[in-house]
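Working notes, beginning with the structure itself.
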Amino acid sequence: MHSHRDRKGMALGVVLIAIAVISVMIVGAYFSNIQEYRLGANSLVQGRAMTAAEYGHGVVYQSWDRAFNAYRAGTTFVRPYTLTDGSIDTVRLTKLNSLTYLLNSEGRSGNGPHGGARRRAGLIVRLQVPQVKILGAITTRGTVAIGGATTINGNDSTVAGWGCPPAGTAVAGAVVPSFSNLTSGGKCGKNFACIQGSPLVSITTAAMDTNTYFYYGGLTWSDLVTMADKQVSGTMTNVGPSLQNGACKTNDNKNWGDPARNALLPGACETYFPIIYAPGDLSINGNVGQGVLLVGGNLNIQGNFTFYGPVISRGTVKLTGVGNHITGSILAANVQDSTSTSSLLGSSAIQYSSCANNVALQRTAMPVKAPQRSWAELF
């Protein structure tokens with residue numbers, strides 16, 4: 001006798017269950033791979049978007065346009081950029097106050113409903129304004145001779161059309177290490193009738209200190225030379241503002257801004273305050289300029305020249321002829337040739353102006369990142 005067991009459909013059921021399990025495993029693996037791919041792609045576009053945002057910060061910060069320095073608080077500038085990988089960035093630069101700016105940079109990468117990313121970052125920067133030690137209308141380590149119809153005025157003066165605050169405290173007319181460094185003749189006479197200020201003449205050891213002339217509160221002479229907008233030499237004639245296609249022609253070596261607010265050049269060069277650097281001796285014969293003038297040798301102004309802002313010379317300063325007007329201050333270090341004498345002759349005027357000095361120095365300043373937490377990701 002043989003017994004038979006009923007095993008109908010057993011193999012088929014096992015096969016179907018196996019197929020179902022394998023299908024679930026395959027679908028799970030596929031889903032997991034898809035998720036990994038999407039996470040990887042998302043991380044990639046997120047990283048590119050943040051890279052674009054930081055790229056915008058870097059471009060604006062590293063290649064700072066000093067035209068930003070001239071605008072009022074609350075003004076916003078928009079600068080778009082496109083990266084080589086196709087990402088785009090938009091920087092919104094807002095002036096918070098006279099010295100502080102917020103750079104809001106928004107980077108975008110990728111496209112489509114599942115392939116795009118946006119990241120925003122903020123950076124706070126502050127202008128590092130050179131802190132020139134201005135002790136008087138003219139400060140010198142060496143000897144200065146005053147003659148002719150020259151005048152020196154240490155009483156603070158505003159500048160018409162510049163939006164200056166009220167005049168501040170008067171400074172000394174002339175600052176020298178000792179009275180033996182100062183001689184006078186002509187209309188000035190022996191009693192220094194051509195000098196005004198408080199006091200008329202200041203005798204101080206600070207006039208002998210080279211830091212007075214070459215150290216500017218965190219910046220040095222070399223720093224300002226590096227920041228210079230243009231380098232000049234020899235004899236400069238007919239210095240004055242110029243235009244190119246209706247805009248200020250800043251690459252013109254004779255264009256030193258427009259302090260006179262020339263009606264023929266409406267607003268074009270009014271906000272242009274360059275740092276002008278002469279590595280050696282420099283002679284100037286007319287006409288006008290504004291900013292910061294750095295002379296590595298001796299400065300000789302021969303006539304009919306008007307300048308607004310600080311003038312700093314490593315050598316001597318000589319004014320001759322008629323029509324010379326320096327509104328701001330003069331510092332003559334006399335380190336190039338200590339035996340030479342600065343001379344203020346002819347019909348020249350040196351007028352101290354805190355407004356001219358401050359505006360010129362602020363407009364030539366470059367930014368630095370705010371201390372402590374200057375950067376933050378924004379949402």
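Each Cα pair under 8 Å and six or more residues apart adds its separation to the average, and for the chain the resulting relative contact order is 17 percent. Restricting region 1-107 to trypsin sites (Lys or Arg not before Pro) that sit in a DSSP loop and have at most 16 other Cβ atoms within 10 Å of their own Cβ leaves ARG5, ARG7, LYS8, ARG72.
Going through region 35-125, which chymotrypsin sites (Phe, Trp or Tyr not before Pro) have at most 15 other Cβ atoms within 10 Å and a DSSP loop state? Don't skip to the answer; put the middle values down first.
Numbers: sites: TYR37, TYR55, TYR61, TRP64, PHE68, TYR71, PHE77, TYR81, TYR101; in loops: TRP64, TYR71.
Sparse-neighbourhood loop chymotrypsin sites (Phe, Trp or Tyr not before Pro): TYR71.
Taking the longest Cα principal axis of the chain as reference, the axis of helix 354-363 is set at about 30 degrees. Computed log10 I(q)/I(0) for region 136-363 at 0.11, 0.14, 0.16, 0.17 Å⁻¹: -0.49, -0.82, -1.09, -1.24, from the Debye equation with unit scatterers placed on every C-alpha and solvent omitted.
If R0 is 22 Å, the Cβ-Cβ spacing of ASN33 and LEU12 corresponds to a FRET efficiency of close to 0.10. Ordering CYS248, ILE152, GLY28 by Cα displacement along the dipole of the chain toward the positive end leaves GLY28 in first place; charges were set at the Cβ atoms of Lys, Arg (+1) and Asp, Glu (-1).
Hey, what D do you get for region 237-323 in µm²/s if you plug the Kirkwood alpha-carbon radius into Stokes-Einstein at 10 °C and 1.306 mPa s?
Values: Rh = 13.1 Å.
Reported coefficient: 121 µm²/s.
Sequence-ordered 3J(HN,Hα) estimates for region 275-285 from the Karplus curve with 6.51, -1.76 and 1.60 and θ = phi - 60° stand at 9, 9, 10, 10, x, x, 5, 9, 10, 10, 10 Hz, glycine and proline given as x. If you look at the Cα atoms of region 163-239, you get an Rg and a Dmax of 17.1, 42 Å.
Every number here is computed from the coordinates shown, using simple stated rules; none is lab data. Bear in mind that the values here come from a model prediction, so they are computed numbers and not experimental data. So basically every Cβ, Gly included, is an ideal-geometry build from the backbone, and we count neighbours across all protein chains shown.
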